[in-house]
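Values in this text are rule-based calculations from the coordinates and carry no lab data. No experiment lies behind these values; they were computed from the predicted model shown. Cβ coordinates were reconstructed from backbone atoms using ideal geometry, including for glycine residues, and neighbour counts include every protein chain displayed.
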């Protein structure tokens, strides 16, 4: 079973994503900010995928993505960005930083499953 970390400061959204992921047969762990997720990674935690909200206080999801891509040990971790922001510039920025997918809030289980499958496939074929 895949381990997926959700990093989102919105408790309700985190719970909804977690329920969808459980229906997709994934284990989940929810972090309310990027610092907590980074600390868990640095302590040896290793998810199979990470879902990052873009707009969070202190450390944004884009900052967290950049942190992941700069570190050799997490460079190939599949990362999906989650946001209510549909601006092309934000989507382009996330993809240029190395995101494997981008989903808009509110997300459906079908959308989530599709982008997750594509992200895992992309990492298997690299």
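Quickly work out the residue 63-to-residue 111 label distance, labels modelled 7 Å from Cα along the C-beta direction, and quote it in nm with one decimal.
Roughly 2.6 nm, to one decimal.
When the Kirkwood radius is taken over all Cα pairs of the chain, what Stokes-Einstein diffusion coefficient follows at 37 °C and 0.692 mPa s, in µm²/s?
231
Set the Förster distance to 22 Å, then compute FRET efficiency between residue 76 and residue 40 from the Cβ-Cβ distance, nearest 0.05.
0.75
Which value in nm describes the separation of the simple spin-label points at residue 120 and residue 55, placed 7 Å from the Cα toward the beta carbon?
In this crude spin-label approximation the distance works out to 3.1 nm.
Given a cut-off of under 8 Å on Cα pairs at least six residues apart, what relative contact order in percent is computed for the chain?
21
Could you work out the helix-only [θ] at 222 nm for the chain, with each DSSP H run of four or more residues adding -39,500 (n - 2.57) and the total divided by the number of residues, to the nearest 500 deg cm²/dmol?
-14000 deg cm²/dmol
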